[in-house]
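Working notes, beginning with the structure itself.
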Amino acid sequence: MWRKIVLTIVALIAIASSEAQTSSRYSLYQNYRFGYYLRYPTYLQLASESANGDGIRMQSNDGSIVLSVSGILNLSSDNVHKLMSDMVTMLCNRGCSVTYSYINDNSVVLSGYTKSGKIYYLKSVLSTVYSPSCDEYMEYIATAYVEHSKKDKAKGDDIIRQFKYFPYKP
């Protein structure tokens, strides 16, 4: 009986320790202009921040992993199908291939390879934010993009798992 209790306690401590280690490996980026969030690994360093506050770009020390998040007002009231078309066109113009695509009521996901052979994953979400200065709700598009080398696939997949909650707070 005591053995079962001790083993249960040890298992609970191991789970708690694992969760603490996982959460300490990540930071939470919050964009104050559009109100979106993204968890990202702490080994990524800020490479640049946009002047108008719409997003940031981060990368690993060796530059083999790049993560960017941004928001833009949806002034033309694009729907998700137009968003998909625009994103595919943009990626193809950059020389990227699209090997996976997914669309639902408010989001688009695309994945494939860049011209240089890196793996990319993009998620764009149509969302709404309240603007106190305009005293109205405004539509915007939040986009998260990661690009990584094939040797960094495990790290890239780990980042992509964080896209599950984007643009909402996890």
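Using Cα springs under 10 Å in a Gaussian network model of the chain, which residue among Arg39, Arg57, Arg94 shows the largest mean-square fluctuation?
Arg94
Holding the Cα-Cα limit at 22 Å, pick out from Lys82/Lys123; Lys118/Lys169; Lys115/Lys153; Lys82/Lys169; Lys82/Lys115; Lys82/Lys151 the pairs that are longer than that.
Pairs exceeding the cut-off: Lys118/Lys169; Lys82/Lys169; Lys82/Lys115; Lys82/Lys151.
Can you give the net charge of the other residues whose Cβ lies under 12 Å from the Cβ of Gly95, counting K and R as +1 and D and E as -1?
Once positives and negatives cancel, what remains is +3.
For Arg33, what is the net charge nearby, where nearby means another residue's Cβ is under 12 Å from its Cβ and Lys, Arg count +1, Asp, Glu -1?
Working: positive: none; negative: Glu49, Asp54.
That works out to -2.
By the gyration tensor of its Cα atoms, with a ≥ b ≥ c the square roots of the eigenvalues, what is the shape of segment 14-163: rounded for a/c under 1.5, prolate for a/b over b/c, or oblate?
Details: a/c = 1.76, a/b = 1.18, b/c = 1.49.
Cα axes put segment 14-163 in the oblate bin.
Quick one: which residues, 5+ away or cross-chain, put their amide H under 5 Å from the amide H of Asn106? H built at 1.01 Å from N.
Hits under the 5 Å cutoff: none.
Which whole-number percentage describes the relative contact order of segment 32-138, with Cα contacts under 8 Å and a sequence gap of 6 or more? Each step should come with its number before you reach the end.
Details: 141 pairs, mean separation 15.8, N = 107.
It rounds to 15 percent for segment 32-138.
Computed from the coordinates by the stated procedures, all read-outs in this text should not be read as laboratory data. Predicted model, so just to flag it, every value in this text is computed and none were measured. We place every Cβ from the backbone using ideal geometry, glycine too, and count neighbours over all the protein chains shown.
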